[in-house]
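To keep things clear, I will list the structure first and then write my remarks on it.
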Amino acid sequence: MRPILLQGHERSLTQIKYNREGDLLFSVSKDHVVNAWFSHNGERLGTYEGHIGAVWTVDVNSTSTLLASGSADNTAKLWDVSNGKCIKSWEFNTAVRRVAFSEDDKNLLIITEPRMGFPATVQIFNVEGGLEGEHSNEPEMIVHPEGPKITVAAWGALNKYIVAGRENGSVALIDAKTGDVVSSNTVHEATLTDLQMSTDRTYFITSSKDKTAKLIETATLRELKSFSTDTPLNSAAIMPKHQEFVVIGGGQEAMDVTRTSARQGKFECRFWHKILEEEVGRVRGHFGPINTIAIHPDGRSFASGGEDGYVRVHHFDDDFFTFKFQI
Amino acid sequence: MPAPKNASWADEVEYEGEDQVETWTDANGITTTIEYRINEDGKKVKVTRRTQKKLIHDRVNKSVAARKKWAKFGKERGNKPGPDPATTTVGENIKLKLSSTGQVVQDVDEKHEEMKAQLQNKKIACRICKGDHFTSKCPYKDSLGMEDAAATNAAAAEAKAAAEPEPSSGTGSKYIAPHLRGGAGAGSGPSSGVGGSKMGDSAREKRDEQPTLRVTNLSEDVTEPDVYELFNRFGHISRVFLARDRETNVCKGFAFVSFTMREDAQRALEAVDGRGYDNLILHVEWAK
């Protein structure tokens, strides 16, 4: 396969995300800009400009009308996907680490980090207004969760719970109505770097700096599968179709990269068999650690964003789909 | 193209360069464009471009089709449709090799590391000048190498250096593939485990040293995975090359299969040579 290289950022990528149909790919990086791309040919649709700090996170709603982004400039912004206009900006005390639309597009989850005396917050905003409506400045719900810092979060099935991954390697279920921590389980030994839901949100995959990625059941937070590698992981994603694979990626810490060659840095996307926990293949190409991976919802392509500032979009060859794992 | 009359003399130079462009389309639907132009060094170069257009129909969601028509915005405002080469480029081809035995990748690496460790203490001696580099990298290769081939042969024998022994037949100047030389099985080490210093060179050297079979009389429908499957049962395969037609992309009828172990290759040769495959009789021999 020939990867398409997207050079829309000047600094390292922080998150990439496909929309529901997978025709658009959104990428954010530390260089303040949000980019939108057509995933099939890598053409850039446009940029969303307005942030004045590193953008940590991005999410798009299911109808691809609203785009949310969270940044280190202490704001989260809501954009019109079609024309790049900012329609709402929320101001916080600290940087925004994660934004996520609920399954029904009615709510927006925003996680802010603790800093300079301000506690971490989990906030839920009502975005039912959509493109035209007014959006309240006040959250519908705000909680200051106790315990270690939340690094990643996502909505559970039917928006009942929020799944949060924390700095100490634990995952927690937070009730989306009351904000109580319902249950918690320490599955990793080091900080969680990514958390992505399966299509039906009954299980999710986590990646961690402890060099493992794990599949975890949402309802019980029970560990289902574990994928152990030799390098700190930054991202993990589940293949929705065609093959029972997960894709995980990472690499040596950015700060140590200059001391190693690209080969030793292990900057590869690794394909693991989801059920048999066996590694099946690797895709190399990045010059730096892989920060974020996203898989096209139809499972025919995937994209990875790296510390090197590139997004690489890979469309699988035909033999990928005919491959059968032999036991 | 002659320069327009009213162009200034400065423009004339520009016009000289871009002249006749030939374009034709052949039976396979491949359009060939040949143009002659003058490059930065002032030399005339011929640029041949061969393109094949394929119209692919794809049914998409209505909303996806609507989004394709959106005007560009932000930094892309006003740009014409289609990928902009400034932001979108196509990378080099990457093969995602899927394997059912998760260990394959690591195993090879470990072997490599092992070899490296073994070679750490071994002294590398050039057969030509006795320096501590490989014969192929010898700076005197061209000046000394050819005329003194016989002499170096003798010298090598005397010194019984770590390098692989030369074939005993008197034809010192005749090239013999490394894996066919006497001690290839055991002595493939010295030059294959170069290590990380020059990845490109060492990789190529390694490849050249590997026992390679040439498989001929393959049918047109054969693909790399087929060949791989056919030979995989005999041992670990490091490389499969299937010759394909540039235009039609069908198999040209022969392939090269490199094994990691010479014994495996030998067994494969014996087993597959003369065997029927896809209603053709395969012919397998050592690649030369």
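The values are calculated or read from the model by the stated rules, or taken from the named source; none is laboratory data. Not measured: the values here are computed from a predicted model. In this analysis, Cβ positions are derived from the backbone assuming ideal geometry, glycine residues included, and neighbour counts consider all displayed protein chains.
Of note, A:Phe92 does not satisfy the criterion of being within 14 Å of chain B (Cβ to nearest Cβ) and aromatic (Phe, Trp, Tyr).
For the range B:52-102, which residues satisfy the criterion of being within 7 Å of chain A (Cβ to nearest Cβ) and under 30 Å from A:Leu276 (Cα atoms)? Answer for the range B:52-102, where residues must be within 7 Å of chain A (Cβ to nearest Cβ) and under 30 Å from A:Leu276 (Cα atoms): B:Asn93, B:Ile94, B:Leu96, B:Lys97, B:Leu98, B:Ser99, B:Ser100, B:Gly102. Checking the range A:66-74 against the condition returns a match, with at least one residue being away from chain B (no Cβ under 14 Å), closer than 18 Å to A:Glu140 by Cα and either assigned to a loop (DSSP other than H, G, I, E, B) or out of contact with any Ser or Thr (no Cβ under 7 Å at 6 or more places or on another chain) (or both).
State all residues of the range A:261-311 that are of a type in the set (D, E, K, R) and surrounded by 24 or more Cβ atoms within 10 Å (Cβ to Cβ); if no residue qualifies, say none.
Once the filter is applied, which keeps residues that are of a type in the set (D, E, K, R) and surrounded by 24 or more Cβ atoms within 10 Å (Cβ to Cβ), the range A:261-311 yields A:Arg270, A:Glu307.
Listed by position, the strands (runs of 3 or more DSSP E) inside the range A:285-327 whose residues that are in contact (Cβ under 8 Å) with a residue 60 or more places away in the chain and within 11 Å of chain B (Cβ to nearest Cβ) number at least 1 are A:301-306, A:311-315. Please tell me if B:Ala271 is at pLDDT 85 or above, part of a strand (DSSP E or B) and surrounded by fewer than 15 Cβ atoms within 10 Å (Cβ to Cβ). In short, no. Summed over the range A:67-93, residues that are touching a strand residue (DSSP E or B) at 6+ places or on another chain (Cβ under 8 Å) and closer than 18 Å to A:Ile111 by Cβ total 17. Within the range A:19-65, the set of residues being hydroxyl-bearing (Ser, Thr, Tyr) and more than 12 Å from chain B (Cβ to nearest Cβ) comprises A:Ser29, A:Thr57.
Residue-by-condition table, conditions (1) within 23 Å of A:Phe323 (Cβ to Cβ); (2) in contact with a helix residue (DSSP H, G or I) (Cβ under 7 Å, 6 or more places away or on another chain); (3) modelled with pLDDT of 90 or more; (4) of a type outside the set (Lys, Arg):
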residue	(1), (2), (3), (4)
B:Arg204	no, no, no, no
B:Phe231	yes, yes, no, yes
B:Arg239	yes, yes, no, no
B:Asp264	no, no, no, yes
B:Gly276	no, no, no, yes
B:Ala287	no, no, no, yes
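Apart from one condition, A:Lys149 fits all of (1) touching an Asp or Glu at 6+ places or on another chain (Cβ under 9 Å); (2) surrounded by fewer than 22 Cβ atoms within 10 Å (Cβ to Cβ); (3) over 27 Å from A:Thr212 (Cα atoms); (4) not β-branched (Val, Ile, Thr); the exception is (3).
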